[in-house]
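Student: Input: one structure, supplied below.
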Amino acid sequence: MRVGIIGTGYAARSRAEALRKDGQVEIVAVVGRSPERSATFAAEFGAVAYFDWSSLFREQRLDLVFVSTINRDHGAIARAALEAGIHTVVEYPLALSLAEARSLVQLAAERRLLLHVEHIELLSGVHLLLRRELEGLGKLFAVRYITLTATHPAPDRWTYQPELFGFPLMGAVSRIHRLVDLLGKVERVSCQLRYDGPDLPQRYSSCYCTAQLSFANGLLAVLTYGKGDSLWCSQRLLEFHGQRGGLLINGEEAMLLRPGSAHPLETGSRHGLFEQDTRMVLDHLRHGSPLYVDTEKMLHALAVAEAAERSAQTQQVVRVEV
Ligand code: NAP
Ligand code: BLA
């Protein structure tokens, strides 16, 4: 199998290492902007360095491509890859607009090509634990999901540029997707966003985005995503409150809460998830074994992110398109 990788960052490197471990694929080309970084990366994996993805698709015959670059470019690259007849894997989010994402799903179906959107959060130990334990909590009442990253100084990275990262809950759509996978569809969203920093609107040094999600089953979830130098403590917190008990996940520590008792649970590691995703893609292409992302749920998560963006702009509660 002839494979290309678009990007030279953490996700791209994780892909390249996973592909090398497989041993049966040839990494033909790697695409990056910086000649030095791309050449070093490509040489390490026996590949050719390209500086733009359109010439790669024109010049090389590829069977499979990994789109592992900044979010702004995901949709356009995936479209070009599918039009060139290449099976395509995209790191989340598939595109920064729901309409574009839907159109790509349709294009892949028409061309009978794989379009797989990586959502490694579903493979994580925390998610498997949630799938196992949630039923035991009885009817769910309320959920809180908070991820804050305090960084001083704020990094000068694409993830702090709205145009490149997208609306915060779109770039970080894994949070919504995790909840949709566990809890079903969201009906209404209310969201607020605050950016801070001297270089707005091009880049921020802090962002704080908080959304209330009303699920079709009545459940209420509060989702908060923040990062940057105006925050002073980092936190990764997931709380599920049900009729018969609760589940509290704080960083790597999980607790099952019952009347009068608390049992610790194992959460497992956050490492090795890109490798697992890559292996599942190769197995799917070779043997037809199933992948793990449900296209409808993936699109619904994008619809919720888009509704959150509209709510933050209009200060209104927004109904999610079904
Ligand atoms: P990263 O390490 O910061 O790498 C960013 C990549 O984008 C580099 O390959 C960079 O390559 C390229 N790039 C192109 N245009 C750029 C620009 N204008 N500014 C900065 N970089 C630019 O990011 P990453 O964590 O690998 O994320 C890549 C994708 O994976 C994102 O869509 C992200 O949402 C997704 N993802 C990442 C993780 C994770 O654990 N890191 C998990 C899930 C999903 P050149 O500089 O060589 O062009
Ligand atoms: C998700 N991690 C992400 C994303 C980015 C980063 C851009 C996608 C957007 C988002 O959901 O926030 C970037 N993560 C980083 C950076 C560090 C980091 C720069 O931890 C710096 C250390 N990702 C890693 C590393 C691990 C990792 C080293 O870069 C391993 C522990 C895991 N990142 C990881 C996972 C996700 C993610 C599991 C999926 C998000 C989720 O679980 O919701």
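Student: Consider Gly23 carefully, then state whether it is open to solvent by 20 Å² or more (accessible area, probe 1.4 Å), within 25 Å of His119 (Cα to Cα), of a type in the set (Gly, Ala, Ser) and within 25 Å of the chain's Cα centre (by Cα).
Tutor: Numbers: open to solvent by 20 Å² or more (accessible area, probe 1.4 Å): yes; within 25 Å of His119 (Cα to Cα): yes; of a type in the set (Gly, Ala, Ser): yes; within 25 Å of the chain's Cα centre (by Cα): no.
Considered against the rule, which asks whether it is open to solvent by 20 Å² or more (accessible area, probe 1.4 Å), within 25 Å of His119 (Cα to Cα), of a type in the set (Gly, Ala, Ser) and within 25 Å of the chain's Cα centre (by Cα), Gly23 comes out as no.
Student: With Arg111, Arg72, Arg58, Arg79 as the choices, which residue is closer than 30 Å to Gly251 by Cα and either more than 16 Å from ligand 2 (Cβ to nearest atom) or modelled with pLDDT of 95 or more (or both)? Before the answer, list the steps.
Tutor: Numbers: Arg111 fails: closer than 30 Å to Gly251 by Cα; Arg58 fails: closer than 30 Å to Gly251 by Cα; Arg79 fails: closer than 30 Å to Gly251 by Cα.
After applying the criteria, what remains is Arg72.
The rows are residues; the columns are (1) of a type in the set (Asp, Glu); (2) under 17 Å from Met170 (Cβ atoms).
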| residue | (1), (2) |
| --- | --- |
| Asp52 | yes, no |
| Leu62 | no, no |
| His74 | no, yes |
| Leu123 | no, no |
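Student: Let me ask you something else. For the stretch 237-251, what are the residues that are touching a helix residue (DSSP H, G or I) at 6+ places or on another chain (Cβ under 9 Å) and under 30 Å from Pro155 (Cα atoms)?
Tutor: Leu238, Ile249
Student: Shifting gears a bit: Determine whether Tyr225 is within 23 Å of Glu121 (Cα to Cα) and either within 15 Å of ligand 2 (Cβ to nearest atom) or more than 19 Å from the chain's Cα centre (by Cα) (or both).
Tutor: Judged against the criteria, Tyr225 is a match.
Student: Please go through the stretch 9-36 and pick out each residue that is within 16 Å of ligand 2 (Cβ to nearest atom) and without any contact (Cβ under 8 Å) to a residue 40 or more places away in the chain.
Tutor: Tyr10, Arg13, Ala16 - these are the residues of the stretch 9-36 that are within 16 Å of ligand 2 (Cβ to nearest atom) and without any contact (Cβ under 8 Å) to a residue 40 or more places away in the chain.
Student: Take Ala150 and tell me if it is more than 25 Å from His300 (Cβ to Cβ), aliphatic (A, V, I, L, M) and more than 19 Å from the chain's Cα centre (by Cα).
Tutor: So Ala150 fits the description; yes.
Student: Looking at (1) over 30 Å from Leu134 (Cα atoms); (2) out of contact with any Phe, Trp or Tyr (no Cβ under 6 Å at 6 or more places or on another chain); (3) charged (D, E, K, R), can you tell me which one Arg203 breaks?
Tutor: (2)
Student: Looking only at the stretch 36-55, filter to residues that are part of a helix (DSSP H, G or I) and among the acidic types (Asp, Glu); which one of those is nearest to Thr88 (Cα to Cα)?
Tutor: Glu44
Student: Residues being closer than 14 Å to Phe240 by Cα, of a type outside the set (Lys, Arg) and without any contact (Cβ under 8 Å) to a residue 12 or more places away in the chain: count how many of those fall in the stretch 130-181.
Tutor: 1
Student: Follow-up. Looking only at the stretch 13-27, how many residues end up being out of contact with any helix residue (DSSP H, G or I) (no Cβ under 8 Å at 6 or more places or on another chain) and modelled with pLDDT of 95 or more?
Tutor: 2
Student: Pairs, please: C-beta under 7 Å, at least 6 apart or cross-chain, first residue within 14 Å of Thr210 (Cα to Cα) and in the stretch 305-322, second open to solvent by 90 Å² or more (accessible area, probe 1.4 Å) and assigned to a loop (DSSP other than H, G, I, E, B)?
Tutor: Ser311/Val317
Student: Of everything in the stretch 34-48, what is within 13 Å of ligand 1 (Cβ to nearest atom) and open to solvent by 30 Å² or more (accessible area, probe 1.4 Å)? Give them in sequence order. Write out each step before concluding.
Tutor: Kept after step one, since they are within 13 Å of ligand 1 (Cβ to nearest atom), are these residues of the stretch 34-48: 34-42.
Of everything in the stretch 34-48, those that are within 13 Å of ligand 1 (Cβ to nearest atom) and open to solvent by 30 Å² or more (accessible area, probe 1.4 Å) turn out to be Ser34, Pro35, Glu36, Arg37, Ala39, Thr40.
The values are calculated or read from the model by the stated rules, or taken from the named source; none is laboratory data. Just so it is clear, the model here is predicted, and its values are computed rather than measured. For neighbour counting, all protein chains shown are included, and Cβ atoms are generated from backbone atoms with ideal geometry for every residue, glycine included. What goes into the accessible areas is simple: the full protein's heavy atoms, side chains included, and nothing from ligands, DNA or RNA. Shrake-Rupley method; radii C 1.70, N 1.55, O 1.52, S 1.80 Å.
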